[in-house]
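The structure under discussion appears below in the form of structure tokens.
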Amino acid sequence: MTDSPYSVAFDRASVRFPGSAAPALENLSLQVAAGELLAIVGASGSGKSTLLRCINRLVELSDGCISIDGRELREFELGALRRSIGYAIQGVGLFAHLTVAENLALVPETLGWPRKRMKARIDELLAAVRLEPTIYRNRRPRELSGGQAQRVGIARALVAYPRLLLLDEPFGAVDPILRPQLQAELLGVLREARTTTLFVTHDVDEALLLGNRIAVMHDGRLQAIGTPRALLENPPDSFTAEILCGDELLHRYRRARLDEREPRE
Amino acid sequence: MISAIVAHIVLCAVAVAIAAAIAIPSALALADRPRFERPLSALLGALYTVPSLALLAVLVRFVGLGDTSVEIALVAYALYAIFRSTVAGIRAIPPEEREVAMALGLPAWRRRLRVDVPLAMPAILSGLRIATLGSIALATLGGYVGGSGLGSILFTGFALQNRAMLLQGAFGVVALALLGEFVFRALEFRSLQP
């Protein structure tokens, strides 16, 4: 039923926006393996959102190229490419005039799914993000709390079995008290979905919790990339050390949490 | 009197319907293509500024006296308000919403119908309201050229110096205008509640 997840490769990709001197993305090369979950961290303005938006071509590269499964992005038909990529962003993203189910149905409708399959899949996903379908199916976005709306956003990104998932600060607008629960839920949903995921966040602990690998962005460049353990134990440069490890106490805490998540042999 | 009111309503409703059928699809097609939208806008705007009596005079010359001339004039005047407000409504959609619709990979026409039109609906309705009120007023002038609406009563009353008839016609027009205003305001209000 599910098509195999995409692998993604950036090859010396650059983005320059007209009217701004510094490039938004500069000479960026990285590979994301099929099925991998790459967390991307960095300050605002570091290019992490631009990186995502290049992949579904909301932003076009000025230089270099991006390929998916070894094929260059431009070879894909744009609509089909976007329908095969799930995209969820911070805050809104849901259409206020459509119910939860109608929001989720937008892509399946376009793909021509039969009504029954559509309904079954929508209910399945709502249940997966812990929103009881019979209660939430026919609600409007304004009747949802921030956390509920975010879950619907993630469900919509997943509904058509995406081969790649792009999440841009999906918990950015969520109450910090709710975040750990949502993060744990997301991890479960993502394991279930078995798709390649690029996950942008400015929350380092979130990145350490969710990512198979972490990419650190700084001023449009890829500063460092590696597994959480490699980066935490041997940060390759002082900038990475500063944002990933923090002070002595935070560093110890983060390593302890990592040990909890992936015990050493 | 009743038949004149009905005729007035039919004249205006048909005109707004025809104008909407032309203006809304062209606005949806051209809203993102300023190169084509601007000349059409200018053309419709120019048409809109032609004095109504002059336009009616020209139409009578070519089409003859009667409702057909009035109908053509009404459509010509209604086009501009509907076209402009639809374009403005589409352009006023917040960029984030348009971007999400794009990122979902919806084909352009589906994006328009499922996302853009509902979001632009308050603006589209206000264009229809302005066009309707304009038509109700303008259709009265149709009485001059043999049109059947309330204008025929008003102008006959004027010609015969029959004050009762004159007032009937005038009040009829005002009442219709208020009714039109009320109906569209109610629709706009509803479209603002998602």
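The values are calculated or read from the model by the stated rules, or taken from the named source; none is laboratory data. As the structure is a computational prediction, the values presented were derived from the model and not from experiment. Methodologically, a virtual Cβ is constructed for each residue, glycine included, from the backbone with ideal geometry; neighbour enumeration extends over all protein chains shown. Surface areas here come from the heavy atoms of the whole protein model, side chains and all, with no ligands, DNA or RNA. Shrake-Rupley method; radii C 1.70, N 1.55, O 1.52, S 1.80 Å.
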TODO: Check each residue of the range B:148-194 and keep those whose accessible area, probe 1.4 Å, is at least 30 Å² smaller with all protein chains in place than in the chain alone; give them in order of residue number.
DONE: B:Pro194
Task: Nearest 10 degrees, 0 to 90: helix A:100-111 Cα axis against chain A principal axis - done: 90
Open item on the list: At 1.4 Å probe radius, can you tell me the per residue accessible area of the range B:2-192 in Å²?
Closed with: 50
- [ ] At 7 Å along the Cα-to-beta-carbon direction for both A:Tyr253 and A:Phe17, put a label point, then send me their distance in nm to one decimal.
- [x] 3.3
Task: Shielded by partner chains, the range B:80-113 residues - at least 10 Å² of accessible area, 1.4 Å probe, vs chain alone - done: B:Glu96, B:Glu97, B:Glu99, B:Val100, B:Met102, B:Ala103, B:Leu104, B:Gly105, B:Leu106, B:Pro107, B:Arg110
TODO: Write down Rg/Rh for the range A:169-229, rounded to two decimals, with Rg from the C-alpha atoms and Rh from the Kirkwood relation over Cα pairs.
DONE: 0.97
Open item on the list: For a quick size check, give me the Cα extents of the range A:1-126 along its three principal axes, largest first, whole Å.
Closed with: 50, 32, 25
Task: Distant-in-sequence amide H partners of A:Arg221 (H built 1.01 Å from N, under 5 Å) - done: A:Glu26
Open item on the list: If I model the range A:115-265 as equal point scatterers sitting on the Cα atoms and use the Debye formula, what is log10 I(q)/I(0) at q = 0.09, 0.17 Å⁻¹?
Closed with: -0.35, -1.02
Task: Accessible area buried between chains B and A, both sides summed, probe 1.4 Å, in Å² to nearest 100 - done: 1800
Open item on the list: Please compute the modelled spin-label separation between B:Asp32 and B:Ala92, points set 7 Å along Cα→Cβ, answer in nm with one decimal.
Closed with: 2.1
- [ ] Let me have the relative contact order for chain B, percent, based on Cα pairs under 8 Å that are six or more residues apart.
- [x] 28
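Counting only heavy atoms of protein chains, what accessible area per residue, in Å², does the range A:71-137 have with a probe of 1.4 Å? Before the final figure, lay out each step's value.
On the way: 3130 Å² over 67 residues.
Solvent-accessible surface per residue comes out at 47 Å².
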- [ ] Take the Cα atoms of the range A:180-265, find their three principal axes, and give me the spread along each one in whole Å, biggest first.
- [x] 36, 31, 24
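What are the semi-axes of the equivalent ellipsoid of the range B:2-192, taken as the square roots of 5 times the eigenvalues of the Cα gyration tensor, listed largest first and rounded to whole Å? Provide the component values of the computation, followed by the final result.
Values: eigenvalues 266, 68, 24 Å².
After diagonalising the Cα gyration tensor, the semi-axes are 36, 18, 11 Å.
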TODO: Could you run the Karplus curve 6.51 cos²θ - 1.76 cosθ + 1.60 with θ = phi - 60° over the range B:65-72 and give me ³J(HN,Hα) per residue in whole Hz, x for Gly and Pro?
DONE: 5, x, 5, 4, 4, 4, 4, 4
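Could you compute the FRET efficiency for A:Ser44 and B:Ser3, with r as their C-beta to C-beta distance and R0 at 60 Å, rounded to 0.05? Walk me through the numbers on the way to the answer.
Values: r = 68 Å, r/R0 = 1.14.
For A:Ser44 and B:Ser3, the calculated efficiency is 0.30.
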Task: Accessible surface ranking that places the most exposed of A:Trp113, B:Trp109 first, with a 1.4 angstrom probe - done: B:Trp109, A:Trp113
TODO: Would you be so kind as to list the residues of the range A:112-148 that have their accessible area lowered by at least 30 Å² in the full protein complex compared with their chain by itself (1.4 Å probe)?
DONE: A:Arg142
Task: Dimensionless Rg/Rh of chain A - Kirkwood Rh, Rg from C-alpha atoms - done: 0.97
Task: Unit charges at the beta carbon, dipole of the range A:205-257: most positive-side option, A:Ile214, A:Ile243, A:Ala224 - done: A:Ile214
Task: Other-chain or far-sequence residues with amide H under 5 Å of A:Ile40's (modelled H) - done: A:Phe199, A:Val200, A:Thr201, A:Ala215
Task: chain A: angle of helix A:179-193 to the longest principal axis, Cα-based, in degrees nearest 10 - done: 70
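To the nearest µm²/s, what D does Stokes-Einstein give for the range B:80-122 at 4 °C and 1.567 mPa s, using the Kirkwood radius over alpha carbon pairs as Rh? Write out the running numbers ahead of the final one.
Values: Rh = 10.6 Å.
Once the numbers are plugged in, D ends up at 122 µm²/s.
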Open item on the list: How many angstrom lie between the Cα centre of the range B:127-194 and the Cα centre of the range B:4-26?
Closed with: 13
Task: Per-residue average of Cβ from other chains inside 10 Å of A:77-89 - done: 3
Open item on the list: What is the distance in Å between the Cα centroid of the range A:137-202 and that of the range A:20-35?
Closed with: 24
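Whenever you get a sec, compute what percent of the accessible area on chain A sits on carbon and sulfur atoms (1.4 Å probe). Walk me through the numbers on the way to the answer.
On the way: 5960 of 12070 Å².
Its accessible area is 49 percent carbon and sulfur atoms.
Could you tell me the ratio Rg/Rh of the protein assembly as shown? Both radii from Cα atoms, Rh via Kirkwood. Display every interim value, and only then the final one.
Numbers: Rg = 29.7 Å, Rh = 25.8 Å.
With Rh from the inverse mean 1/r over Cα pairs, Rg/Rh is 1.15.
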Open item on the list: Give me Rg/Rg_expected for the range B:59-161, where Rg uses Cα atoms only and Rg_expected = 2.2 N^0.38 Å with N residues.
Closed with: 1.55
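Given a 1.4 angstrom probe, I'd like the percentage of the accessible area of the range B:41-194 that is carbon and sulfur, rounded to a whole number. Before the final figure, lay out each step's value.
Values: 5360 of 7600 Å².
Ligands and nucleic acids excluded, carbon and sulfur give 71 percent.
Taking all protein chains together and a probe of 1.4 Å, list B:Glu71, A:Glu262 from the most accessible to the least accessible. Mind showing how you got there, number by number?
Working: B:Glu71 40, A:Glu262 70 Å².
The ranking, largest first, comes out as A:Glu262, B:Glu71.
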Task: Residue among B:Gly172, B:Ser152, B:Ala137 farthest towards the positive dipole end of chain B, charges placed on Cβ - done: B:Ala137
Task: Spin-label pair B:Phe182/A:Arg229, simplified geometry with 7 Å Cα→Cβ offset, distance in nm - done: 7.6
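If you average the sequence gap of Cα pairs under 8 Å that are 6 or more apart and divide by the length of chain A, what percent do you get for the contact order?
26
How much mean residue ellipticity at 222 nm does chain A get from its helices, if each DSSP H run of length 4 or more adds -39500 (n - 2.57) and you divide by all residues, to the nearest 500 deg cm²/dmol?
On the way: 10 runs with 99 residues, N = 265.
Using -39500 (n - 2.57) per qualifying helix, the result is -11000 deg cm²/dmol.
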Open item on the list: If you fit an axis through the alpha-carbon atoms of helix A:146-158 and take the longest principal axis of the Cα set of chain A, what angle between them do you get, 0 to 90°, nearest 10?
Closed with: 90
